[in-house]
Amino acid sequence: MAISKLYIDQNVADEPQTRLIQSRLKIPYEIVTGPQPIYQHVLSSPDPIASGKEILLLTRNHGAFIKDCPGTRCYTCCGYKILHIGTYCTMDCAYCILQSYFHPPLLQYFTNQGDMLQELEKLFTQKKIYRIGTGEFTDSLIWESWTGLAKDLVSIFSRQHDAVLELKTKTTSIEGLQALNHNQKTIISWSLNTDKIIRAEERRTSPLSARLQAAGKCASWGYPIAFHFDPLVIYDGCEKDYRAVVEALFTHVQSERIVWISLGTLRFPPSLKPIIQERFPGSRIIYGEFITGLDGKMRYFKPLRIELYQKMVSLIKEIAPDVFIYFCMEDDEVWQKTLGFLPSVHGGLKKMLDERAAKICGLGDQ
Amino acid sequence: MGSKGGTRSKSPLQLGELLSISLSAVETGNDTFRITTKTEIDDLVYSIRQLGLLNPPILRARSSDYIIVSGFRRIAACRSLGYIKVIAKILGPDISDKICAQWAIADNALQRPLNLVESSKCLSLLLSVYSDDKGLVEAASSLGLPGNPDALKKIGVICRLPKPVQAGIIADRISLAMAWDLSALEPDTSSAIASLFEDLNIGLNKQRELLLFLKEISLRDNLSIKRLLETKVRKILEDENLDRRQKFQTIRSYLKRQRFPSLVAAEKKFERHLKALNLGDSMKLAAPKDFEGATYNLNLKFTKRSELKQLHQKLAGIIQDPDLKKILNN
């Protein structure tokens, strides 16, 4: 979806990033003193969730740029850090939690990047291993054609040795990443799904084949690569379709280049259900066997999750026995019954992932 | 005007002027302004026979006859009593639809409580004569109808619902909230569901539970709700060995099994093992909700130390029981 209107918070009007984006977007813009009139405009439209994807607000991040990933204590969290560069997304996935997360949902990009750099520098001085990603509140690479932010971040992370950046995407906007001295401190990762789910539920995202080709290119440029099968969706024939995805994945990227593969079945807050029904009337993904999880989100009945996870793990291990697999927000029973161990035995999931990042990305090496 | 059966002078009509009107000049099939959902007239026939027609009906004059604005049952009762003429309040042919609608609504709404279908008919009448929301809301409020735009929207659809649904609303079996949910369905589907609710005589929460199962199974399996109701559900409803409560329970279980086959199978398996453990009345073992968590809950009931001791011994046996192991291993 093309951005049709640009709003600029007067507080960031003179930021270099603001002027750069303004010049690249070449669309009508308006200087505003605050976001309220924009929120009102979005909320008064017939489909605020779609409307918020057509308007971009360049503004200041008034809070922290580096945040903890909002996991819950009921399920095993990976101890991820979020680099909060902006909010929302131009793509339109039926299951996207951002539809109900922001009130209202609105594309915002934070241009006070001097503050972001300061926070990053402070983090780097701690000399502790951190895994930091920009793809939680937005897609990491949708901003590339206007901002070049990923390129800058790759460069910033390449100059330190303790943290690794993860750029998570469903796009193929990787051109700016070529020929950068990344020093393996940036992981490029793709969210993967079956062709059927991508076509039906992930509007305006890149097709599977394009994502895998882009991953193959990034691997050839020396970047560590990761994949996220999240959300895994249960439907008739899904196992055959996921097998095809796994097989295709390894034809594009050698397993040695893969830092990790995460698995997570579809889950959503109850408030998202009516939104999906309204905005994606043809979608059937919410009519699976969902129960209310311990964190209040709707999740597949656990034996069904375990069954699909077992098959996915088996498919992946069949081709790449040594690849690192983990679950996003699952409990001990799931870990034990699918991977045969509990993260706590290895010091916890955070430690396992930190060690994996250290090994593949050379963290801690001076 | 005399030619269409009215007795009056040639001067222009006063608004609501009382005239003696020939009943043969009153058109019977025009329900434009009908609000009442009641069709029985026995009570009115009795009253008019005893006391006469106390409140004149309201008629609108047309070029050669009259249509009823308010008093449909009174006119029908007078006809049934063999009246030739009645005294009626007459609205002249030059009186607008808006004024006629207001008279019809006021004559009903300000004299007796309206049911939801009647309120909906009032709103529908107002909608047909008011093009602006503000005027509509003001008119509704002044006539004793809900003035809240959201309520107006929801009540407004009721008079367009199929007759079986309206009958359920009038009989208080179907609430406004459920009527609104049913308004999103095809007429034959909402009629079938209204009929199901009538057969089961269930309250709103149970209605919602069944409707949710039906809608989601229908969407998931690409099967119409009507078709779902015509198969197994129909058989349960027709089972003469079940009372209403049992029919509801059986239909609910059936639909839950269709909607959540794996979960229901797990629940049944748990129940089987639980039964085999033979815990008795003093022990209760509860599985984690939907088997999502890992914590089982055991509740012991006792009043004396000796009872607790007995339970302790029994518990030692249960801990070794293979059925408990099967429960805990799922």
Original post:
Among B:THR28, B:THR32, B:THR37, which is the only one that is part of a loop (DSSP other than H, G, I, E, B), under 19 Å from B:PRO113 (Cβ atoms) and not aliphatic (A, V, I, L, M)?
Top reply: B:THR37
Original post:
Before we move on, is B:LYS268 part of a helix (DSSP H, G or I), surrounded by fewer than 15 Cβ atoms within 10 Å (Cβ to Cβ), over 34 Å from the mean Cα position of the chain (by Cα) and within 14 Å of chain A (Cβ to nearest Cβ)?
Top reply: yes
Subject >> Among the candidates B:LYS247, B:LYS275, B:LYS256, residue that is part of a helix (DSSP H, G or I), within 24 Å of B:ALA192 (Cβ to Cβ) and more than 14 Å from chain A (Cβ to nearest Cβ) >> reply: B:LYS247
Subject >> Of all residues making up segment B:52-70, the number that are part of a loop (DSSP other than H, G, I, E, B), among the hydroxyl-bearing types (Ser, Thr, Tyr) and free of Cβ contacts under 8 Å to residues at least 60 places away in the same chain >> reply: 1
**OP:** Return the total of residues in segment B:32-54 being out of contact with any helix residue (DSSP H, G or I) (no Cβ under 7 Å at 6 or more places or on another chain) and either under 17 Å from B:ARG112 (Cβ atoms) or surrounded by 11 or more Cβ atoms within 10 Å (Cβ to Cβ) (or both).
**Re:** 8
Original post:
Does segment B:305-323 contain any residue that is within 14 Å of chain A (Cβ to nearest Cβ) and either in a loop (DSSP other than H, G, I, E, B) or out of contact with any His (no Cβ under 6 Å at 6 or more places or on another chain) (or both)?
Top reply: no
**OP:** Answer with yes or no whether A:ASP241 is of a type in the set (Asp, Glu), touching a Phe, Trp or Tyr at 6+ places or on another chain (Cβ under 8 Å) and either part of a helix (DSSP H, G or I) or within 14 Å of another protein chain (Cβ to nearest Cβ) (or both).
**Re:** no
Original post:
Of the residues that sit in segment A:274-294 and are β-branched (Val, Ile, Thr) and facing chain B (nearest Cβ under 9 Å), which one is farthest from B:GLY293 (Cα to Cα)?
Top reply: A:ILE286
Original post:
Restricting attention to segment B:271-286, and to residues there that are in contact with a strand residue (DSSP E or B) (Cβ under 8 Å, 6 or more places away or on another chain) and of a type in the set (A, V, I, L, M, F, W, C), which single residue is surrounded by the fewest Cβ atoms within 10 Å (Cβ to Cβ)?
Top reply: B:ALA286
Original post:
Going by the conditions given, is B:LEU223 outside the structural domain of B:TYR296 (by TED's automatic domain parsing), within 25 Å of B:ALA179 (Cβ to Cβ) and either in contact (Cβ under 8 Å) with a residue 60 or more places away in the chain or crowded, with 18+ Cβ neighbours inside 10 Å (or both)?
Top reply: no
Original post:
Looking at segment B:104-146, which of the residues that are of a type in the set (S, T, N, Q) and outside any helix (DSSP H, G or I) is surrounded by the fewest Cβ atoms within 10 Å (Cβ to Cβ)?
Top reply: B:SER131
Subject >> Residues that are facing another protein chain (nearest Cβ under 9 Å) and either under 38 Å from the mean Cα position of the chain (by Cα) or surrounded by 14 or more Cβ atoms within 10 Å (Cβ to Cβ) (or both), drawn from segment B:289-302 >> reply: B:LYS289, B:ASP290, B:PHE291, B:GLU292, B:GLY293
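The values are calculated or read from the model by the stated rules, or taken from the named source; none is laboratory data. Remember, predicted model here, so these are calculated numbers, not experimental data. Please note: Cβ atoms are built from the backbone with ideal geometry, for glycine as well, and neighbour counts cover all protein chains shown.
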